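Just so it is clear, none of the values below were taken in a lab; they were calculated from the coordinates. Everything numeric here is computed off the predicted structure, so don't read it as measured data. Every residue, glycine as well, gets a Cβ built from its backbone with ideal geometry; the counts of neighbours run over all protein chains shown.
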Amino acid sequence: MNRSELARTAQAMVAKGKGILAADESTGTIRKRFDAIKLESTEEHRRAYRELLFSAPGAPDSISGVILFDETIRQQTADGTPFPQYLAQHGIIPGIKVDQGAKPLAGFPGETVTEGLDGLRERLIGYRQLGARFAKWRAVIDIAAGIPTAFAIEANAHALARYAALCQENDIVPIVEPEVLMDGDHSIERCEEVTDATLSCVFQRLQDHRIYLEGMVLKPNMVISGKKAAQRAAPEAVAEATVRCLKRHVPPAVPGIAFLSGGQSPTEATLHLSLINRAGPLPWSLTFSYGRALQETALAAWGGRSSAFKAGQQEFARRARLNGLASSGRYTAEMEKAA
C-alpha cells in the first residue's frame with residue numbers, strides 16, 4: 001500500500017470547489033434514463049452521452065473525478081482516446097464502480113446486502129491497469145416498519161470494509177458509500193437515527209479492517225425526510241442534522257465527504273450542500289458525488305439529438321459550476337436564474 005499516493009488522490013478528489021460525477025449507471029439504469037428522452041440504449045448512444053459529459057467545456061473547473069461503469073472504462077472518445085486517459089489528460093481522476101448491486105439478504109425480508117467481493121482483488125488489478133485511481137461500492141439501507149435491523153447494517157458495513165481494504169492494497173482510493181434511502185415516509189428524526197447507527201457501525205468495521213482513513217472518501221446520504229413524508233423538514237434542518245450526524249461518527253482523519261443526491265431534485269441537492277458548507281469550520285472537505293442531480297437537466301437538453309450536443313454540455317457545465325459553488329457554501333437559489 002502506497003499511503004502517500006492514496007492520501008494525495010483522496011485529497012484531489014475532494015479539492016476545494018470541485019466534486020465527483022457519478023457516471024456509473026448500470027445498463028438497466030441508463031436504459032431508464034434514455035427511455036425518458038425516447039432514445040434507444042445502444043452501446044454507441046451510451047458512449048456518446050458519456051463523451052458529452054466528460055468533454056463539456058468548463059467541466060474540469062468543477063469536476064475532480066468521474067465514477068465509470070465497467071463498459072465505460074473500456075470505451076473511447078470519438079477520436080479514439082480511452083476515456084480514463086482522456087479524463088486524466090484534463091485533470092479529472094478516473095474511478096470505477098466495483099460492486100455488483102444490492103441483493104436480498106437471506107432471512108431478512110425487505111433488506112439487502114451488496115455483492116461483488118468474490119474476485120474483487122483481481123478485478124481491481126485490471127481496473128488499475130485501465131487507469132482507475134479510485135473505486136466505489138454502495139451499500140443500501142432501507143427504512144420501513146421493522147427495518148433496518150442491526151444485522152443488515154452490520155453485514156453491509158463488513159462488506160464495505162472488506163472492499164475498502166482490497167482497494168487500498170491495490171493503491172486505489174475507496175469511496176465508501178453507505179446509503180440510507182429516502183424512499184419512505186419517515187421523518188428526518190428517523191433518518192438521523194438510522195444514519196447514526198449506520199455510520200457508527202461502518203467506521204467500527206473500517207477500523208477493524210485497518211483502513212487507512214487518510215486514503216478514503218466517505219459518500220453518505222444527507223439526513224433528510226423520506227420522499228413520502230407528510231411534512232418534509234426544511235433545508236436548514238437537513239443541513240443541521242447532517243452536520244450533527246457527521247461530527248458524531250466521522251473521524252477528522254478522513255479527508256473528505258462527497259454526498260450522494262439520493263433522489264433529491266438537482267436544485268434541492270445543490271441548496272442542501274451549500275447550507276451544509278455554511279455550518280462553520282469542519283475537519284473535512286464537504287462536496288458532492290452526484291449522478292442524476294448533475295445529469296438530469298443536461299440529458300433533457302441533449303435529448304439524444306446530435307444538434308443539441310453543445311446544449312447538453314452547457315447545461316452539464318452549468319450544473320457542475322453551481323455545485324462547485326455549493327461545495328464552499330457560496331451557492332444561493334437566485335443563481336439558478338442567473339446561470
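Specify the inter-centroid distance of the stretch 1-74 and the stretch 169-184, based on alpha-carbon positions, in whole Å.
First find each Cα centre; the distance between them is then 16 Å.
If I take every Cα pair under 8 Å that is 6 or more residues apart in the chain, average their sequence separation and divide by the length, what percent do I get for the relative contact order? Don't skip to the end; give the middle numbers.
On the way: 697 pairs, mean separation 67.6, N = 339.
Relative contact order here is 20 percent.
Under 13 Å from a point 7 Å along the Cα-to-Cβ line of residue 74: which residues of the stretch 107-151 have their amide N that close?
The answer is 126-127, 130.
How many percent of Cα pairs in the stretch 202-339 exceed 21 Å?
Numbers: 4478 of 9453 pairs.
Above the 21 Å cut-off, the stretch 202-339 has 47 percent of its Cα pairs.
Short version: ³J(HN,Hα) in whole Hz for each residue of the stretch 101-108, in order, from phi by Karplus 6.51 cos²θ - 1.76 cosθ + 1.60 (θ = phi - 60°), x for Gly and Pro, what are they?
For the stretch 101-108, the Karplus-derived couplings read x, 7, 10, x, 7, 4, x, 10 Hz, x marking Gly and Pro.
Amide H of residue 63: which non-local residues (sequence gap of 5 or more, or other chain) have their own amide H closer than 5 Å, using H built in the peptide plane?
19
Expressed in nm to one decimal, what extension gain is obtained for the pair residue 244 and residue 38 from 0.36 nm per residue of sequence separation less their Cα-Cα distance?
The span from residue 244 to residue 38 would gain 69.9 nm if fully extended.
Along Cα→Cβ, 7 Å out, is where each label goes; now give me the distance between the ones at residue 147 and residue 282 in nm to one decimal.
The answer from the label model is 2.9 nm.
Which value does Rg/Rh take for the stretch 260-328 over its C-alpha atoms, Rh per Kirkwood? Kindly include the intermediate steps, with their values, before the conclusion.
Values: Rg = 13.5 Å, Rh = 12.6 Å.
With Rg and the Kirkwood Rh in hand, the quotient comes to 1.06.
On average over all directions, what projected area in square nanometres does the chain have, based on the convex hull of its Cα atoms?
Details: hull surface 64.6 nm².
If you wrap the Cα atoms of the chain in a convex hull and average its projections, you get 16.2 nm².
Treating only the Cβ atoms of Lys and Arg (+1) and Asp and Glu (-1) as charged, compute the dipole magnitude of the stretch 1-158 about its Cα centre; round to the nearest 20 debye. Mind dumping the intermediate values first?
On the way: 20 positive and 19 negative charges, 88 e Å.
So the magnitude is around 420 debye.
Relative to the present Cα-Cα distance, how much length would full extension add between residue 108 and residue 183 at 0.36 nm per residue of separation? Don't skip to the answer; put the middle values down first.
On the way: separation 75, 0.36 × 75 = 27.00 nm, distance 1.88 nm.
Using 0.36 nm per residue and subtracting the Cα-Cα distance, I get 25.1 nm.
Let me know the charge dipole size of the stretch 3-338 about its Cα centre in debye, to the nearest 20, where only the beta-carbon of Lys, Arg (+1) and Asp, Glu (-1) is charged.
Details: 40 positive and 38 negative charges, 146 e Å.
Taking the Cα centre of the stretch 3-338 as origin, the dipole is about 700 debye.
Quick one: what are the phi-derived ³J(HN,Hα) couplings along the stretch 264-275, Karplus 6.51/-1.76/1.60 with θ = phi - 60°, whole Hz, x for glycine and proline?
Result, ordered by residue: 6, 6, x, 6, 5, 4, 5, 4, 4, 4, 5, 5 Hz.
Per the Kirkwood formula on distinct C-alpha pairs, the Rh of the stretch 4-144 is how many angstrom? The partial results should precede the final answer.
Numbers: mean 1/r = 0.0609 Å⁻¹.
For the stretch 4-144, the Kirkwood estimate is 16.4 Å.
What are the trypsin sites (Lys or Arg not before Pro) within the stretch 74-176 that DSSP puts in a loop, where the Cβ has at most 16 other Cβ atoms within 10 Å? Could the numbers behind the result be given before it?
Values: sites: 74, 97, 121, 123, 128, 133, 136, 138, 162; in loops: 74, 133.
Passing sites in the stretch 74-176 are 74.
Name the residues whose placed amide hydrogens come within less than 5 Å of the amide hydrogen of residue 138, ignoring near sequence neighbours (fewer than 5 apart) on the same chain.
Amide H neighbours of residue 138: 99.
How would you rank 222, 335, going from fewest to most other Cβ atoms within 10 Å of each one's own Cβ? Intermediate results must be reported in sequence, preceding the final value.
Numbers: 222 28, 335 17.
Ascending number of Cβ neighbours within 10 Å: 335, 222.
Given the Cα-Cα distance of residue 306 and residue 4 and 0.36 nm per residue of separation, how much length would full extension add, in nm? Each step should come with its number before you reach the end.
Details: separation 302, 0.36 × 302 = 108.72 nm, distance 4.33 nm.
Extending this stretch completely gives an extra 104.4 nm.
Write down the radius of gyration of the stretch 1-86 and its Dmax, each obtained from C-alpha positions, in Å.
14.6, 47
Have a look at 127, 213, 304 and report the one farthest towards the positive end of the charge dipole of the chain, computed about the Cα centre with Cβ charges (Lys/Arg +1, Asp/Glu -1).
Result: 304.
May I ask which residue of 68, 155, 88 lies farthest towards the positive end of the charge dipole of the chain, with charges of +1 (Lys, Arg) and -1 (Asp, Glu) on Cβ and the Cα centre as origin?
So the residue we want is 88.
Which far-off residues, 5 or more places away or on another chain, put their amide H under 5 Å from the one on residue 76, with H placed in the peptide plane?
Under 5 Å from the amide H of residue 76 lie the amide H atoms of 83, each far enough along the sequence or on another chain.
In the stretch 3-338, what % of DSSP beta bridges are antiparallel (nearest 5)? Don't skip to the end; give the middle numbers.
On the way: 5 of 35 bridges.
Roughly 15 percent of the beta bridges in the stretch 3-338 run antiparallel, per DSSP.
Residue by residue through the stretch 5-12, what is 3J(HN,Hα) from phi via Karplus (6.51 cos²θ - 1.76 cosθ + 1.60, θ = phi - 60°)? Round to whole Hz and write x for glycine and proline.
Result, rounded to whole Hz: 5, 4, 5, 4, 5, 4, 5, 5.
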